[in-house]
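A short worksheet on the structure shown next.
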Amino acid sequence: MRRVWAAIVLAAAVAASAAQVKIQTPGMRSPTSYGRHGTPMPAELSEVAIGGYLRRVVQTRGTLTPLEPGGEFFELSEGGKVVVMPVGEVGDALRPLSGVRVEVVGLVRPLVSDQGTCKLPNRRMAPQSYCDDPDLPPTPDLVGRRANWPRVSLTVWSVSDITPFERGRGEAERSSLMDLLAEATPSDKSVRVVGRFCGANLCGGLGPRPHPSAWVLQDEGASVWVIGKEPKGKGWRLDPTYDGDTSRWLEVKGRLGPCGSSRCLRAESIALVPRPPEPE
């Protein structure tokens, strides 16, 4: 009887030990918590797809489609194709966006047929990609039905649907922020302005904040307070107090109007955009 009981206890211990080997996918955190991987760099998806940005954080655009029915992997395509892997709850945001043009931010990592394994501090084995980036889900091995997948992946922690904003672009006139502010009497027309996000005047150049939720858009030495909408969208949010987010660029559609002793841009819609190319 003692031998039978010992065997039962041993089997239970083995089962519990095996259960501990499972790698848990990291949960969703603030996009700024992934800052250790670097500052997002605007990039064309065609260049990302050929491996031009390996191990770098990029901000890119493309059309999203699932790679497996009900699975956790997606394909992003636009002049090239990459495998998209969501972090935590970002997967829930990706699923309804099948067939939609999106903008994502994440880390570019290579995919191989056999990445090998590594030993964790608790002496258990895990995929090598998990040891390389323990705050991200491990990459899949390209074997079996996955053998023909793209060889470059993008592990994303920020995603936004950019199609509604793009459809509305024809309704507003694109304006230079400097020209807009130079108008003696601003009209009530709807305008589109592209500029660098400067949060709660983190870049300097403006007076007191006109409203607790106001934030600054800056371009070519001109700055304006933006009110009416927080700097966030579906799957992304910028922090007005975080210097690292001043590397991000936004396109704002709205109307310029009086705001205390100065003028503010009252936003109607906001979208993340790549940094415009420097003028030649």
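Using θ = phi - 60° in the Karplus curve 6.51 cos²θ - 1.76 cosθ + 1.60, the 3J(HN,Hα) couplings for region 110-116 round to x, 10, 9, 6, 8, 7, x Hz; x is entered for Gly and Pro. Annotation: peptides 206-218, 101-113, ranked by per-residue average of other Cβ atoms within 10 Å with the highest first, follow the order 101-113, 206-218.
For Ser213, what charge total do you get from the other residues with a beta carbon under 14 Å from its beta carbon, if Lys and Arg give +1 and Asp and Glu give -1? Before the final figure, lay out each step's value.
Details: positive: Arg209, Lys229, Lys232, Arg237, Arg266; negative: Glu230, Asp239.
Local charge sum for Ser213: +3.
Rounded to 0.05, the FRET efficiency of the Arg124 and Ser262 pair, given R0 = 45 Å and the Cβ-Cβ distance, is 0.15.
Taking 7 Å steps out from each Cα toward its Cβ at Ile50 and Ser98 produces label points 3.2 nm apart. Karplus-derived 3J(HN,Hα) values for region 75-90, using 6.51 cos²θ - 1.76 cosθ + 1.60 with θ = phi - 60°, are 10, 10, 9, 4, x, x, 9, 9, 8, 9, 10, x, 9, x, 6, 4 Hz; glycine and proline are entered as x.
Where a number appears in this text, it was derived from the coordinates with a stated rule and is not lab data. Treat the numbers as computed from the prediction; the structure is a model and nothing was measured. As a convention, Cβ positions derive from the backbone with ideal geometry for all residues, glycine included, and neighbour counts pool all protein chains shown.
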